[in-house]
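A short worksheet on the structure shown next.
No lab work stands behind these numbers, since they all come straight from the coordinates. What you are looking at is a predicted structure, and each value in this text was computed from that prediction instead of being measured. Here the Cβ positions follow ideal geometry from the backbone for every residue, glycine too, while neighbour counts run over all protein chains shown.
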Amino acid sequence: MVQTSPSAAPSERKARLEVLTLSTLGFTLMFAVWLMFGVLGVPIRKEFGLNDVQLSWLSAVAILNGSIWRLAAGILADRYGGKVIFTAMLFLTAIPAFLVAHVSSYQTLLFYAFLVGFAGNAFSVGIAWNSAWFPKDQQGLALGVFGAGNVGASVTKFIGPALIALTPAAGYLGGVIPGGWRFVPFLYGVLLILMGLAMWAFTPRADRKPGRGRPLGEMLRPLRNVRVWRFSLYYVVVFGAYVALSAWLPKYYVDVFGLPLYQAALLTALFIFPASLLRPLGGYLSDRFGARRVMYWTFGTLLFSSWLLSMPDGHIVLYLPSKYEADGMREVLPYTMTVWPFTLLVFLVGVAMGVGKAAVYKHIPEYFPSDVGAVGGLVGMLGALGGFFLPPLFAYTQAVTGMPQTTFMVLFALTLVSAIWMHLTVISLLNKAAPQLRGKFEHVEHGGD
């Protein structure tokens, strides 16, 4: 971290604020673009006559392309500066956004959805950029504030149904500006260009480039550490599953509870808000109590909530002698999950994920201060790839079992594996450490994996 003199402190603080503000706004917009098919998928399904599996792949391919370049994007941000990389990504993403607005077939839409998904890679750029500007004791909170840009996933939930209903199907200016659901990606294309111009004009001209001049092999060396891969699995739980549920929940509300799209979108936002806006709180708690403790709280809350959500509606049938029951059967323990208890539990899932996402990334500048771009990029890439694999997995498990609750069975199993791995690692390290370090997880883990 570059040190500044006391006389330079005001300008230093101003530069940090500019980077944090513009990168957070840019990431919010990019996240909205990345996950816009969660809401747009419902009218798209109707127009193109898609089944659930086809619809799940529409969101999945966008998530895929928003994942696979995160490692490269983080390294480029460290080497060339976050400003130039982030600005370029905004302009590049605008092109497929305009193309999505004028698509005429499912196959073409699938291809353009893949291209527009490039927006998701902005996360690792912003993490590397802000880490380069903020000192260690402020990084947890700063990265949490930046990561709150995940709230962009709710933008389409709020504006999408209204814009779809208000804009005429024929659009404006003879179709140059499309109408219906197509107006949303067109609007995003315009906003991406404006955001790129603002970022270039209003962030510090002299950027920081902690990876400048370093060989690529040296920047990738930390990726051999098994700890990086363990953090990646945690991030699949708190971020990959968040991405998947953000795209999946509107359809779940429509299909399972019979709600109209606008209500489904608003209730989904009740999951997205805590999962995004509590990220700064997660960063603060990680700075205050340690990221390991916060992860224990996160996994515990997720296991409790997803266990209840995974229970299918129904009852247990007991077979009894006819002298007790005339038909020989007794139904016990009836269970039905209605929309409001479901929404409350999903809200708790969002709270846990919002806090947990910041806790995972608190580890990275602490353990790998010179390689935030590479390590953060890999963790972000693998976590987001979880968001790619999970929607089709949700669709296939539901198709096989006939139970929509399998969505949360998958989440419960994934969380359980991660929690067990974390706990076994902590126990192993405690057994190797001196007794006086017992319970001080943050210090113990520096001993290795």
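Quick notes on this one:
- A Stokes-Einstein calculation at 25 °C with viscosity 0.890 mPa s, built on the Kirkwood radius of the range 11-447 over Cα pairs, returns a diffusion coefficient of 109 µm²/s.
- Protection-proxy order for peptides 88-94, 44-50, each taking the mean of Cβ atoms within 10 Å per residue, highest first: 88-94, 44-50
- Relative packing of 267-280, 26-39, which averages over residues the other C-beta atoms within 10 Å, highest first: 26-39, 267-280
- Cα centroid of the range 181-239 to Cα centroid of the range 256-280, whole Å: 25 Å
- Label point distance in nm, E218-L17, each placed 7 Å from Cα along Cα→Cβ: 3.6 nm
- Around the amide H of I177, modelled in the peptide plane, lie the amide H atoms of Y172, all under 5 Å away and 5 or more residues distant in sequence or on another chain.
- For the range 176-188, 3J(HN,Hα) computed residue by residue from phi via the Karplus equation (6.51, -1.76, 1.60; θ = phi - 60°) reads 4, 9, x, x, x, 5, 6, 5, 5, x, 4, 4, 4 Hz, glycine and proline entered as x.
- Sequence-distant residues sharing a close amide H with S67 (under 5 Å, placed H): none
- Using the Karplus relation 6.51 cos²θ - 1.76 cosθ + 1.60 with θ = phi - 60°, the per-residue 3J(HN,Hα) values for the range 343-356 come to 5, 5, 5, 5, 4, 4, 4, x, 4, 4, 5, x, 5, x Hz, with x marking Gly and Pro.
- Each of D327, D78, D255, D207 has some number of other Cβ atoms within 10 Å of its Cβ, and from fewest to most they run D327, D255, D207, D78.
- Sorting W307, W421 from the fewest to the most surrounding beta carbons within 10 angstrom yields W421, W307.
- Footprinting exposure proxy for F389, F123, F408 (fewest neighbouring C-beta atoms within 10 Å first): F389, F408, F123
- Per-residue ellipticity at 222 nm computed for the chain from its helices equals -23500 deg cm²/dmol, with DSSP H segments shorter than 4 residues left out and the rest contributing -39,500 (n - 2.57).
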